[in-house]
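Engineer: Take this structure, written in structure tokens, and hold onto it; I'll ask about it next.
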Amino acid sequence: MQLTDEQIKILESKGNIKINAIAGSGKTTSLIEYAKLRGKSRILYLAFNKSVKIEAVTKFQEAGLKNVRVETAHSLAYSYIVKNSRYKLCHGYTSFQTKNILKIKPFGEKLNDFVLANHVNKFVNYFCNSTAKQVKELDYSQLVHEPKAKKFVQKYYENIEKLTRLFLAKMDKAEIELIHDFYLKKFQLSSPILNFDFILFDEGQDASPTMLDIFLKQNSTKVIVGDIHQQIYGWRFAINSLDKVNFTDYYLTKSFRFNAEIAELAVKILNTKKHFTEIKPIQINGLGKNNKTKTRVTLARTNVTLLIKAIELLIEDSKINKIYFEGNISSYTYAADGGSIYDILNLYNGYHKLIKDKLIKSMKDFEQLEEYADKTDDAQMKMIIQVVKKYTNQLPYLIKQLKINHVNDNEKQEADMIFSTVHKSKGMEYDEVNIQNDFISEEKIKKLVDDKEAKFDPKGLAEEVNMLYVAITRTKNILKIPFDLLPLSEQTEYEKYKNIIVEDAPIHISDNHKTERSNDYQNKIKETHKQAYQKWTTDLDDKLTEMFCFGIPINEIAECTNRTVGAIRSRIKKLELRDKYPD
């Protein structure tokens, strides 16, 4: 294969280096070629997660490289700390389990014992992902932002800290099972010496302080590679390691995944960070030439948005048949604290006997669950609560239909539509990408920054922009993106695109957002929808409201009113029908 000039410079480098590699720029290929030139050396390749590790093992084996050991930070720590020890593992603890382990008794307001246990779990994770040697070195309260949760933490901070130390001690003594981040932390605190000549650290922008500390303390020649604009795991304590290390800089700026149009849009999206922070010039060259549209994905920020979109496409509009959710489809219906969407629905209906999760079963009513979600700042729980309030008793049927139409992992390529959050799509690529409108827009950024009373975290805001960047750069061919998510500079020129389809654009656009769309475009719509662009009357609104309340699918409403499906959705939103008639 022919290497680029940027790749050749990396192969010829000496000493510790960091490589800032844009999406689809062949970073794995570059690392394999780097390892080939050092075939007699002992090399450790650190992958970000298990799926990346499996893929990397295959690629290094195919390249005939027997001198490279492929691990994740956790699998490496496991081999040193857990293997052949008395320790046993679990994936995590719910608030109910932690409350019982620590024997936390009820106090103050109802559910305070569960709220306290929830914050202990989060503090444990914070410590395990830090470089701190002791819990008291950290200030957990700085991580809590929701007002009710922050008030609770400040009031009971001493208790939370004490119980966090106790919980960690129980894991260390093998009195309870270890969470995966604990044995990684224990590995880091042991100051391990890794016997390798070179260590290649992939996806460095998403490394936790714990991982980075282990890496930096080695005497090996170190190579860290990643994309500073793909950091989207700050909520899991990731830090942008490429900015933290003082290594020689190298760059991979040519993407073989997507074309020049996507590259240009990606740069302009990243440049929206200029509203709240200083950014260096960004260079992305799109060299992709794929013309296939075999794999199609719908990408969103949240599980809730994906569930709603899947229900809409599969059941309400009947536009697709076979579907696939990246990861286990059941993971989209569970809160981080263990409660399922069905338990929350049963609480909503007051069916306590049917609730399986012990924490949710202890709730007096649905309002108490909402209060708990606020006090613990549980974003996942809040989103599932939204879905339950939106669909109520239709949910079991709707989710059953999704599961019936869901294909197996080995049939993923046969799905009419793949659904994924942006986090689960990391490292993936698809022929067609459909972006949902739950990402941050430049307009929202400007409003937030211009509001003198608004408080925002620049790092968190940058990560929101990064999520949209990661989402659009999953495409190999076609991108469908809502008009509102286009950078403001692009909203007057979007018709220039060939491979980017802009959805939900206003009828009147231009430099001042007032120039009419082309007559040809409007005439095409009117050929199939005679009432398109005509003014909504009171009678039409009443007819729409009646059909909506009777649960008539949107595509049938569109057919009855001679309007487009998009126009019906827009009018439903305008009339706030989903809020007025949630059942």
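Engineer: What relative contact order, as a whole-number percentage, does the chain give when Cα pairs under 8 Å and 6 or more residues apart are counted? If you can, show how the numbers build up before the last one.
Structural biologist: Working: 883 pairs, mean separation 89.6, N = 583.
So the answer I get is 15 percent.
Engineer: Sorted by accessible area (1.4 Å probe), largest first, how do TRP235, TRP536 line up?
Structural biologist: Of TRP235, TRP536, the descending order of accessible area is TRP235, TRP536.
Engineer: Another question, if that's okay. Can you work out the PRE-style zone for ASP197? Point 7 Å along Cα to Cβ, and I want the residues of the stretch 62-103 with backbone N under 16 Å.
Structural biologist: 65-69
Engineer: Scale the Cα Rg of the stretch 366-480 by the rule-of-thumb value 2.2 N^0.38 Å and send over the ratio, two decimals.
Structural biologist: 1.34
Engineer: Something else: Filter the cross-link list LYS148/LYS356; LYS173/LYS424; LYS322/LYS444; LYS27/LYS274; LYS254/LYS289 down to pairs whose alpha-carbon distance in this structure exceeds 24 Å.
Structural biologist: Correct reply: LYS148/LYS356; LYS173/LYS424; LYS322/LYS444; LYS27/LYS274.
Engineer: With +1 on the Cβ of every Lys and Arg and -1 on the Cβ of every Asp and Glu, and nothing else charged, how large is the dipole of the stretch 378-425 about its Cα centre, in debye rounded to the nearest 20?
Structural biologist: The calculation lands at about 320 debye.
Engineer: Also, I was wondering about something else. Are any of the pairs LYS122/LYS186; LYS103/LYS162; LYS151/LYS358 more than 22 Å apart by Cα-Cα distance, and if so, which?
Structural biologist: Table pairs above 22 Å Cα-Cα are LYS151/LYS358.
Engineer: Would you mind getting me the FRET efficiency between TYR494 and GLU370? Use the beta-carbon distance for r and R0 = 41 Å, nearest 0.05.
Structural biologist: 0.55
Engineer: Let me ask another. Choose one of PHE247, GLN154, ALA169: the residue whose Cα lies farthest towards the positive end of the charge dipole of the stretch 130-284 (beta-carbon charges +1 Lys, Arg; -1 Asp, Glu; about the Cα centre).
Structural biologist: GLN154
Engineer: How high is the FRET efficiency between THR392 and ASP416 when r is their beta carbon distance and R₀ equals 35 Å, given to the nearest 0.05?
Structural biologist: 0.80
Engineer: On to the next question. Could you give the length gained by full extension between ASN408 and GLU175, i.e. 0.36 nm per residue of separation minus their alpha carbon distance, to one decimal place? Numbers along the way, then the final one.
Structural biologist: Numbers: separation 233, 0.36 × 233 = 83.88 nm, distance 3.84 nm.
Here the segment from ASN408 to GLU175 would lengthen by 80.0 nm.
Engineer: Enter the accessible area per residue of the stretch 1-45 (Å², integer; probe 1.4 Å; all protein chains in place).
Structural biologist: Accessible area per residue: 47 Å².
Engineer: Just read off the accessible area of TYR34 with the full protein assembly in place, 1.4 Å probe, to the nearest 10 Å².
Structural biologist: Accessible area of TYR34: about 0 Å².
Engineer: Relative contact order (percent) for the stretch 5-93, with alpha-carbon contacts under 8 angstrom and 6 or more residues of separation?
Structural biologist: 25 percent
Engineer: Using a basic spin-label model with each label point 7 Å from the Cα along Cα→Cβ, how many nm lie between LYS480 and ALA260?
Structural biologist: 2.7 nm
Engineer: For a bin width of 5 Å, list the pair-distance distribution of the stretch 134-293 built from all Cα-Cα distances, rounded to whole %.
Structural biologist: Calculated P(r), rounded to whole percents: 1, 7, 11, 13, 15, 14, 12, 11, 8, 5, 3, 0.
Engineer: Let me ask another. At a probe radius of 1.4 Å, what is the per-residue accessible area of ASP139, in Å² to the nearest 10?
Structural biologist: 70 Å²
Engineer: Cβ neighbours within 10 Å, averaged per peptide: list 378-388, 468-478 in order, most packed at the top.
Structural biologist: Details: 378-388: 20.1, 468-478: 24.7.
Highest mean packing first, the order is 468-478, 378-388.
Engineer: Ok, one more. With N residues in the stretch 148-218, what two-decimal value do you get for its Cα radius of gyration over 2.2 N^0.38 Å? Walk me through the numbers before you get to the answer.
Structural biologist: Details: Rg = 16.5 Å, N = 71, 2.2 N^0.38 = 11.1 Å.
In units of the globular-protein estimate, the stretch 148-218 measures up at 1.48.
Engineer: Give the distance, in whole Å, between the Cα centre of the stretch 542-560 and the Cα centre of the stretch 267-301.
Structural biologist: Using only Cα atoms to place each centre, the spacing works out to 38 Å.
Engineer: Keeping all protein chains in the complex and leaving out DNA, RNA and ligands, what accessible area do you get for GLU146 with a 1.4 Å probe, in Å² to the nearest 10?
Structural biologist: Around 40 Å² of this residue is reachable by solvent.
Engineer: Ok, one more. Under a 1.4 angstrom probe, counting protein chains only, how are LYS254, LYS280 ranked by accessible area, largest first? Mind showing how you got there, number by number?
Structural biologist: Values: LYS254 60, LYS280 165 Å².
Per-residue accessible area, sorted high to low, gives LYS280, LYS254.
Engineer: Placing unit charges on C-beta atoms (Lys and Arg positive, Asp and Glu negative, everything else neutral), compute the dipole magnitude of the stretch 107-190 about its Cα centre in debye, rounded to 20.
Structural biologist: I would put it at about 120 debye.
Engineer: Would you compute the Debye intensity of the chain from its alpha-carbon atoms alone, equal scatterers and no solvent, and pass along log10 I(q)/I(0) at q = 0.10, 0.11, 0.13 Å⁻¹ to two decimals?
Structural biologist: Ignoring solvent entirely, the Cα scatterers give -1.01, -1.22, -1.59.
Engineer: If you build the convex hull over the alpha carbons only and average its shadow over all orientations, what do you get for the stretch 411-462? Give it in nm² to one decimal. Could the numbers behind the result be given before it?
Structural biologist: Values: hull surface 20.3 nm².
Directional mean of the projected Cα hull area for the stretch 411-462 stands at 5.1 nm².
Engineer: Here is a follow-up. Give the value in nm², to one decimal: projected area of the alpha carbon convex hull of the stretch 77-207, averaged over all directions.
Structural biologist: One quarter of the hull surface, i.e. the mean projection, equals 9.5 nm².
Engineer: Counting only protein heavy atoms, what percent of the accessible surface of the chain is carbon or sulfur at a 1.4 Å probe?
Structural biologist: Roughly 48 percent of what the probe reaches on the chain is carbon or sulfur.
Engineer: Straight-line reach only, C-alpha to C-alpha below 18 angstrom: list the lysines that LYS574 could link to, leaving out same-chain residues fewer than 8 apart.
Structural biologist: Those lysines meeting the cut-off are LYS390, LYS535, LYS543.
Engineer: According to a simple spin-label model (label point 7 Å from Cα along Cα-to-Cβ), what is the distance in nm between LYS50 and GLU137?
Structural biologist: Calculated label separation equals 3.0 nm.
Engineer: Express the accessible area of the stretch 265-391 per residue in Å², computed with a 1.4 Å probe while the remaining protein chains stay in the model.
Structural biologist: Ligands and nucleic acids excluded, the figure is 45 Å² per residue.
Engineer: Give the calculated FRET efficiency between LEU37 and ASN100 to the nearest 0.05, with a Förster radius of 51 Å applied to their Cβ-Cβ distance. Mind dumping the intermediate values first?
Structural biologist: Values: r = 55 Å, r/R0 = 1.09.
Here the calculated transfer efficiency is 0.40.
Engineer: In deg cm²/dmol and to the nearest 500, what is the mean residue ellipticity at 222 nm of the chain if only DSSP H runs of at least 4 residues count, each as -39500 (n - 2.57), divided by the residue total?
Structural biologist: On the way: 25 runs with 245 residues, N = 583.
Using -39500 (n - 2.57) per qualifying helix, the result is -12000 deg cm²/dmol.
Engineer: I've got another one for you. To the nearest 20 Debye, how big is the dipole of the chain about its Cα centre, given +1 on the beta carbon of each Lys and Arg and -1 on that of each Asp and Glu?
Structural biologist: The dipole of the chain has a size of about 1820 debye.
Engineer: If you roll a 1.4 Å probe over the heavy atoms of the protein chains, what accessible area per residue do you get for the stretch 407-474, in Å²?
Structural biologist: 47 Å²
The values are calculated or read from the model by the stated rules, or taken from the named source; none is laboratory data. Keep in mind the model is a prediction, meaning the values are calculated, not measured. Cβ coordinates were reconstructed from backbone atoms using ideal geometry, including for glycine residues, and neighbour counts include every protein chain displayed. For the accessible areas, the whole protein counts, side chains as well, though only heavy atoms, and no ligand, DNA or RNA atoms are used. Shrake-Rupley method; radii C 1.70, N 1.55, O 1.52, S 1.80 Å.
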